[in-house]
Amino acid sequence: MAAEQSLLNLKEEYQDSLSIIAYHLGDEFQNEICENRYNLYQINRIPTAVFNGRYKVFLEEVSNIDSIYNYYILNTLSESTYYNILLNQLNNSTINLKVISNSENPTLQEYRLFVFLTEDSVFSEIAPFFENNWVFKENLFPLEGINFNATIFDTFDTTFNISLNQRNLNVVAFIQNVNNLEIIQGKSLKLGGER
């Protein structure tokens, strides 16, 4: 699929500056979180790409997917943020997450912190047996996320364990404005080294 290949190319180019989560609907990868996100973003047609929680693009109406992806990614990368997210794998099962406030004037918006687990190289059991990447697998925090309003130069620091086989897994952490759905910062970490 052209959209999947474009994302693979962009992930290679932008590395961990680009975080991707694929929420599936209508196939064996669908679950409660996927349904929650579809409702949250008010998606009524698939496949739809959502950039930074704000910009929706129905991919079947796009002729040049690469240029559309690059347009939204470059616009997002140019925006400033109040927070810096750090993810580190401490050992085979433990992940350290730090969120650092880096502004003297933090916003008073209501934010929530989400941490998801995604999986690469997942094959559909139903024809046409596509390989799927960044498939949402598990929510590592509560469904609604956790309240996150760091004060000036404050640091949120926590560790959590991954109990699943780490092959092809990614941890994705992001901070989202609950009022306008803007994702103001995100970070991803591929577990266990190379696929």
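What the table shows:
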| read-out | value |
| --- | --- |
| Scope segment 40-58; condition without any contact (Cβ under 8 Å) to a residue 24 or more places away in the chain and buried (at least 16 other Cβ atoms within 10 Å of the Cβ); matching residues | Ile43, Thr48, Val50, Val57 |
| Residue among Glu28, Glu61, Glu32 that alone is touching a residue at least 40 places away in the same chain (Cβ under 8 Å), under 24 Å from Leu181 (Cα atoms) and exposed (fewer than 13 other Cβ atoms within 10 Å of the Cβ) | Glu32 |
| Matching residues, segment 69-88, being open to solvent by 40 Å² or more (accessible area, probe 1.4 Å), over 17 Å from Ala22 (Cβ atoms) and not in a strand (DSSP E or B) | Asn70, Tyr71, Leu74, Asn75, Leu77, Ser78, Glu79, Ser80, Thr81, Tyr82 |
| Within segment 89-162, strands (runs of 3 or more DSSP E) holding 1 or more residues that are modelled with pLDDT of 85 or more and open to solvent by less than 20 Å² (accessible area, probe 1.4 Å) | 94-101, 111-119, 135-139 |
| Residues of segment 1-25 classified as free of Cβ contacts under 8 Å to residues at least 24 places away in the same chain and either open to solvent by 70 Å² or more (accessible area, probe 1.4 Å) or outside any loop (DSSP other than H, G, I, E, B) (or both), total | 5 |
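The values are calculated or read from the model by the stated rules, or taken from the named source; none is laboratory data. What you are looking at is a predicted structure, and each value in this text was computed from that prediction instead of being measured. Positions of Cβ are backbone-derived with ideal geometry, glycine not excepted, and every protein chain shown enters the neighbour counts. For the accessible areas, the whole protein counts, side chains as well, though only heavy atoms, and no ligand, DNA or RNA atoms are used. Shrake-Rupley method; radii C 1.70, N 1.55, O 1.52, S 1.80 Å.
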